[in-house]
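The values are calculated or read from the model by the stated rules, or taken from the named source; none is laboratory data. The shown structure was predicted, so the numbers you read here are calculated from the model rather than taken from an experiment. Positions of Cβ are generated from backbone atoms using ideal geometry, with glycine treated the same way; all protein chains shown enter the neighbour counts.
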Amino acid sequence: MTYWSHWSHCTARCGRGTRERRRQIHIQPSAGGKPCGSRRQRKACYHTDRRCRNSEIAQLLPANLNRKRNEPDKWERPSVMKKIAARKKSYCIHYRISYVAWYCRYASPYHVLKPGSEVCAECHDTAMNKEGHCQGATVGMVSRWRAMLGRSCYGSWESIGEVEENCTCGETQGKDFIFV
């Protein structure tokens, strides 16, 4: 058998796909020789491109629940105090709702969301990953969101501005949210 070729490009431009590599039979088996092994191998791959639709889904809670995140630790536990000292700055993004699942009208407080309505979503340090980013907090593209309180509700939105550093969204029901 020849050596394996290089792995091919991922068959998917966005999401899951496969890659493969091949080899050829160099000398055919003869005089009772063993059959040649596999001539093709495949493996899974995952590819993302800047042009891909964002696959992250923002998980949302009403902004009035943010008060609980900022309450001081009355027991002053060292682990909590250390976390408070290392806080990252929050940021907000304003979105225009582009789609809402029909059954959201029965899911309070998300029932007031309608296509075309504008909302504010805050990325607080407790919801940030190591890079200081909240899941689904995107700018300049249509992305998806999902309600994390009450009945199931989901939809999509598009940012209508840039990221606002060190801000809060307020507590208006159905207008202001926090990322989880």
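Does region 155-165 contain any residue that is under 13 Å from Asn66 (Cβ atoms) and loosely packed, with under 15 Cβ neighbours inside 10 Å?
Start the filter on region 155-165 by keeping residues that are under 13 Å from Asn66 (Cβ atoms), which leaves none.
So far as region 155-165 goes, no, none of its residues is under 13 Å from Asn66 (Cβ atoms) and loosely packed, with under 15 Cβ neighbours inside 10 Å.
A single entry from Gly140, Gly116 fulfils the requirement of being more than 17 Å from Glu165 (Cα to Cα) and either modelled with pLDDT of 90 or more or under 16 Å from the mean Cα position of the chain (by Cα) (or both): Gly116. Filtered by the rule that a residue be out of contact with any Lys or Arg (no Cβ under 8 Å at 6 or more places or on another chain), surrounded by 10 or more Cβ atoms within 10 Å (Cβ to Cβ) and modelled with pLDDT of 80 or more, region 17-37 gives Pro29, Cys36.
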